[in-house]
Amino acid sequence: MEPDRQELADKRRELGERDEPVEDELAEAFHSTLTEGAERLSRTWRALLITGLFGGIDVGLGIMAMLAVKEATDSDLLAGMAFGIGLFALRLAHSELFTEDFLVPIQAVVAKHGTWWQLVRLWSATLVTNLAGGWLFTWLIAVSFPELAGTLLETAQGYLEGGLSLETAGLALLAGSTITLTTRMAQGTQNDVVTGFISLISGFLVVGTGMLHGALNSIVLFAAMHMGAPISYAEWAVWALWVIPLNMVGGLVIITIPRLFRTLELIQEERAKQGRRQAEEHRAI
């Protein structure tokens, strides 16, 4: 017996309208991500520096909340959730945080909507300005809340203890992958309440469990240095030289690359379109 037409129509709706083995929702997310990635890659130097600077300031706001809650409750998990306030501010303000979302700009580059040079420019400028913005904001925290010095020193020393080991390497890898994943989750909704909840989850996981994140933890270390902690910039630099690359590996290998393979058909389709467009522009010249 031939299948009923209504059954076929219902099955078609379940599968989506596309012929490729990619769900409609995933295709929509791919194209919106592509647009956002291209916009971020093509920012002017002024816009790039300002968004990175404010990213560091937003993180500093989260650190202020984290320290206040840690001082009051002595709970790392609650303090981590409080840090989510900074991530929520970061997302609502459309600031830029290093390693926050590797997928968006990389997907744009792979689909020929940007260049690798633009990607390097985005990452390097964001990292430097995040650190600069955080350094400045935490100086203000240090002079305004000297009573938090003990809590801050304890937190900062916890990041530096142990050096590079299998455990700390794992914590750095998890931090990069967790930040990337939770940011991707936030991009899947337009609801600010849901975005705020995801930010709290991100802070709970990354900060509350003691993961090592180069940009976030560096700003905590700067705050401790402002308050007179016996930590040198050389010690910080050595620490950052292994934490930041491991954050990148975590975000890229665990989350970004598998996601790219999931949308491989869409990427190939977009690369072909861009190739034809560039060929037409070349012939017109």
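Approximating the spin labels as points 7 Å out from Cα along Cα→Cβ, the Leu166-to-Asp192 distance works out to 4.7 nm.
Rounded to the nearest 10 degrees, what's the angle between the helix 76-92 long axis and the longest principal axis of the chain, both from Cα atoms, 0 to 90? It works out to around 50 degrees. Taking only Cα atoms, what is the 0 to 90° angle, nearest 10, from helix 149-160's long axis to the longest principal axis of the chain? Helix 149-160 and the main axis of the chain meet at about 60 degrees. The fraction of accessible area contributed by carbon and sulfur in the range 85-160 is 73 percent, rounded to a whole number (1.4 Å probe; ligands and nucleic acids excluded). Free of any GluC sites (Glu not before Pro) that DSSP assigns to a loop and that have at most 15 other C-beta atoms within 10 Å, the longest stretch within the chain is 24-160.
The charge dipole of the chain, taken about the Cα centre with unit charges on the Cβ atoms of Lys, Arg (+1) and Asp, Glu (-1), comes to about 960 debye, rounded to the nearest 20.
Here are several values of Rg and Dmax of the Cα atoms in Å: (1) 20.4, 69; (2) 21.5, 82; (3) 23.4, 73. Which one was derived from the coordinates shown? The calculated read-out lines up with (2). Residues in the chain average 50 Å² of solvent-accessible surface per residue, probe 1.4 Å, ligands and nucleic acids excluded. A simple spin-label model places pseudo-atoms 7 Å from Cα toward Cβ; at Ala68 and Gln274 they are separated by 4.4 nm. A Cβ-based charge dipole, computed about the Cα centre of the range 192-273 with Lys and Arg at +1 and Asp and Glu at -1, lands at about 120 debye. Between the helical axis of 264-284 and the longest alpha-carbon principal axis of the chain there is an angle of about 80 degrees.
The values are calculated or read from the model by the stated rules, or taken from the named source; none is laboratory data. Small disclaimer: the values here were computed from a predicted structure and weren't measured. Please note: Cβ atoms are built from the backbone with ideal geometry, for glycine as well, and neighbour counts cover all protein chains shown. Heads up: the accessible areas ignore ligands, DNA and RNA and are worked out on the full protein's heavy atoms, side chains in. Shrake-Rupley method; radii C 1.70, N 1.55, O 1.52, S 1.80 Å.
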